[in-house]
1. What residues have an amide H closer than 5 Å to that of SER67, excluding those fewer than 5 places away on the same chain, when H is modeled at 1.01 Å from N in the peptide plane?
2. Checking the cross-link filter: which aspartates and glutamates have an alpha carbon closer than 18 Å to that of LYS37, excluding same-chain neighbours under 8 positions apart?
3. Here are some values of Cα extents along the principal axes in Å: [x] 51, 31, 27; [y] 60, 40, 23; [z] 57, 31, 27. Which one was computed from this structure?
4. Divide by every residue of the chain the summed helix terms, -39500 (n - 2.57) for each DSSP H run of at least 4, and state the resulting mean residue ellipticity at 222 nm, rounded to the nearest 500 deg cm²/dmol.
5. For THR51 and ASN92, FRET efficiency with R0 = 30 Å and r from the beta-carbon atoms, rounded to 0.05?
6. Which whole-Hz couplings ³J(HN,Hα) result when phi for each residue of the range 58-67 is put into the Karplus expression 6.51 cos²θ - 1.76 cosθ + 1.60, θ = phi - 60°, listed in order with x for Gly and Pro?
7. Report, to the nearest whole %, how much of the accessible area of the range 41-141 belongs to carbon and sulfur atoms, 1.4 Å probe, protein only.
8. By average Cβ neighbour count within 10 Å, what is the ranking of 51-58, 78-85 from highest down?
Amino acid sequence: FPVTITTVLGTVLVPGTKVSEGTQPGPYGFIEKLGSKITSVNITNAGSGYTSSASYTAVPLYNIIGSGTGATANLTFSGNVLTGITVNSAGNGYAVGDVLGVTTSSVGKGRNAQITVTAIDGIDTLYLTNVQGESFTTAQR
């Protein structure tokens, strides 16, 4: 019966789960959301004022809502709006529902394009809430 670490973690590490160092009264917190590499996105706002009929490679994306880092995308514009996107670098720490923007300096001009993360791969980041205690020890990080 093969079990992958992602299957186990995805079952145990869910929002609302308490995580702690295991010692009392050690630090603890509750999982608010899980983050990882982006596998799928949707264009939720095509924006306006972009260069018509242009394509750009490895454009950095920035967070409008969310905390992930490092994602880039290949973008296609037509009629001065964003019409196509392919994730180039999946980054880390993104959650489903995060909203990303296009770094305008990488595409010349335009504004307000928004991209929503619709799927992630595995778990590489835990976002905690209601954390109590100073810090987790090095061995537990």
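The values are calculated or read from the model by the stated rules, or taken from the named source; none is laboratory data. Values in this document were obtained by computation on a predicted structure and should not be read as measured data. A quick note on method: Cβ atoms are made from the backbone with ideal geometry, for glycine too, and the neighbour counts reach across all protein chains shown. Side chains are part of the model used for accessible areas, which takes the heavy atoms of the whole protein and leaves out ligands, DNA and RNA. Shrake-Rupley method; radii C 1.70, N 1.55, O 1.52, S 1.80 Å.
1. ALA95
2. ASP98, ASP121, ASP124
3. [y]
4. Rounded to the nearest 500, it is -1500 deg cm²/dmol.
5. Computed FRET efficiency for ASN92 and THR51: 0.50.
6. Along the range 58-67, the couplings run 6, 6, x, 10, 10, 7, 9, 10, x, 9 Hz.
7. Details: 2360 of 5230 Å².
Carbon and sulfur together cover 45 percent of it.
8. Ranking the peptides 51-58, 78-85 by packing returns 78-85, 51-58.
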